[in-house]
Amino acid sequence: MSKVEEAIFIIDTLDFKNCSERYTRIYFGNEFCQRLIPSASELEEVLDFILSKSLNFTFVTGFVMDQDLNSLQDLLVIISGRAPSAEIVINDWGMLDIVK
């Protein structure tokens, strides 16, 4: 029997306090509001945390207007460099080409 993966969804680095040892994956981002796209420094802080704890990582993206695609692309470059096995959740067809 395989072990069930337990995960926590965080939207802010303050949520680390809720991340107990039982979790093996962190979901981070916002799937609904493009105005809540995390900054590069917030993403770096999350990546530092997941790498220090050897956690799996899923980055969640929301619906995005054209002007915000570049911001998300910059974040994806950071993720691909630091956590290349990360999962990316897309909720916008425009993101599909960028993620590819």
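The values are calculated or read from the model by the stated rules, or taken from the named source; none is laboratory data. In this text, all values refer to a predicted model and were calculated from it rather than measured experimentally. Here Cβ is always computed from backbone atoms with ideal geometry, including for glycine, and neighbour counts include all displayed protein chains. Just so you know, the surface numbers come from the protein's heavy atoms only, side chains and all, with ligands and any DNA or RNA stripped out. Shrake-Rupley method; radii C 1.70, N 1.55, O 1.52, S 1.80 Å.
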message: With the structure loaded, tell me whether residue 96 is crowded, with 19+ Cβ neighbours inside 10 Å and not charged (D, E, K, R) or whether it fails that test.
response: no
Subset tally (residues that are farther than 20 Å from residue 75 by Cα, surrounded by 12 or more Cβ atoms within 10 Å (Cβ to Cβ) and at pLDDT below 90) for the range 17-51: 1
message: For the range 55-76, give me each residue that is modelled with pLDDT of 95 or more and open to solvent by 90 Å² or more (accessible area, probe 1.4 Å).
response: none
task: Answer with yes or no whether residue 90 is at pLDDT below 90, aliphatic (A, V, I, L, M) and open to solvent by less than 30 Å² (accessible area, probe 1.4 Å).
output: no
- line: Within the range 67-91, residues touching a helix residue (DSSP H, G or I) at 6+ places or on another chain (Cβ under 7 Å) and of a type in the set (D, E, K, R) come out as 68, 74, 82
